[in-house]
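The values are calculated or read from the model by the stated rules, or taken from the named source; none is laboratory data. These figures come from a predicted structure and were not determined experimentally. Backbone-built Cβ (ideal geometry, glycine too); neighbour counts: all protein chains shown. Surface accessibility is based on the protein's heavy atoms, side chains included, excluding ligands, DNA and RNA. Shrake-Rupley method; radii C 1.70, N 1.55, O 1.52, S 1.80 Å.
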Amino acid sequence: MLDFNHPKYPEFRQTVKAYQYLPTLLILILASANAADRHSQIQLEIHQLSGNLDKQQNASDDLQAEITQLEKKLGTLERQLYQNEKAIEGSQTNLQKNNEKKAQLDSALGLQKAGLAQQLQALYTAGEQSYLRMLMKQDNPAEISRNMHYFDYMNASRIRRIQSISKTLGDLGDVQKKINDEQDRLQALIKKQSADRSEMQATLDTRASKLNILKSDISSKQKQLGKLQAEDAKFQETVTQIASASSNDTAADPTPVKAQAAKPEPKGIPVSPRQTANQTFSTLKGGLSWPVKGKIIYGYGSRRNEKQSWRGVVIAAPGGSKVRAIARGKVAFSGWMDGYGHLIILQHDNGYLSLYGYNRAVYKGKGTVVNANETIAAVGNSGGQDRDALYFEIRQGTSPQNPARWCR
């Protein structure tokens with residue numbers, strides 16, 4: 001038997017010693033190759049996923065723009081509907097006044113007819129007596145002529161008044177017909193607009209649903225991308241360890257992100273509008289009315305997100321509910337604002353402002369002076385909101401005020 005430990009076999013001993021590390025080296029090489037393949041695969045997946053995210057984000061932006069346009073169209077339709085309702089109220093008022101006038105004229109016509117009948121009877125009787133006096137008693141012809149002229153004048157006067165009343169009644173009939181036709185037209189227009197608004201709302205709901213699905217899909221892909229990126233970071237760490245010939249050590253798992261506790265749903269505080277006097281705003285602290293009937297779901301100063309707090313209150317209310325001005329003021333802003341939807345801002349005395357957002361539509365234009373309790377908007381969910389509500393703020397200058405300290 002050969003003794004490979006004998007001093008004359010040094011090279012062989014070195015060869016054997018080198019070969020005993022061969023399995024470990026092969027493992028390291030194979031691990032490196034597999035890790036490299038995995039890294040390339042992950043990089044490809046990240047690239048593909050990033051491209052998909054870009055496409056999805058572009059689609060999301062397009063849908064969001066479409067929803068914004070639909071919300072603006074819905075606001076225009078709502079304003080038209082409001083204006084037509086006001087026009088119908090005016091037509092009904094005019095119709096009532098004309099009907100009252102017609103009733104008065106009918107009553108006057110009845111009196112005139114009765115008076116005319118009495119006059120004709122008196123004229124007939126007086127006329128026969130006059131002719132008999134003229135023929136049998138030989139009355140003065142001049143006196144008879146004078147009496148006949150008097151009766152003719154009275155009859156002509158009665159006839160003119162009757163003709164005038166008849167003409168007025170005819171005019172009233174024409175006016176009433178026009179009012180009825182206009183009222184029918186407005187009612188038909190409101191019916192059509194209501195159908196259009198329902199169709200638009202359904203379209204808006206469909207778009208919002210698709211957007212929610214798309215956002216959810218994007219969120220899922222973002223999480224997947226984060227997972228792949230974390231896996232890639234872990235891979236880099238593993239490669240470093242392999243390069244250091246520490247194949248037995250594995251990268252430690254990253255510290256798991258602590259799940260945030262679900263935010264509790266705020267308890268709704270009921271609020272309701274009431275009559276407010278047209279007094280100076282600064283004198284009405286604690287006595288103002290709330291702008292709409294509903295429930296406060298987000299209170300002033302409560303947490304909105306990680307970096308923001310609510311500077312006003314959000315009042316949940318049925319869509320289309322009337323939003324009323326809390327005090328007399330002048331419209332300083334009326335229109336669309338991203339994040340707030342259809343927004344109207346009233347300017348009061350001493351630099352006080354009241355703001356009303358998320359509306360379906362606003363009814364008053366910039367520069368209009370409105371009274372307390374006057375309808376200025378309709379509750380909605382514009383600005384990308386997921387429920388019907390009113391965003392309501394009170395400020396003095398740029399400093400937000402707690403609405404609960406002003407309204408009750």
Review point. Which one is nearest to the chain's Cα centre (by Cα), of the residues in the stretch 333-373 that are surrounded by fewer than 22 Cβ atoms within 10 Å (Cβ to Cβ) and of a type in the set (S, T, N, Q)?
Key: S334
Review point. How many residues are of a type in the set (D, E, K, R) and open to solvent by 80 Å² or more (accessible area, probe 1.4 Å) if we restrict to the stretch 62-84?
Key: 2
Review point. Does any residue in the stretch 335-361 that is of a type in the set (V, I, T) come within less than 7 Å, Cβ to Cβ, of a residue that is open to solvent by 10 Å² or more (accessible area, probe 1.4 Å) six or more places away or on a different chain, and which pairs are these?
Key: I344/F333; I344/S334; I344/K364; I345/A332; I345/F333; I345/L353; I345/L355
Revision key, fill the gap. Exactly one of G173, G115 is modelled with pLDDT of 80 or more and surrounded by 11 or more Cβ atoms within 10 Å (Cβ to Cβ), and that one is G173
Check your understanding: L105: at pLDDT 65 or above and surrounded by 10 or more Cβ atoms within 10 Å (Cβ to Cβ), yes or no?
Key -> yes
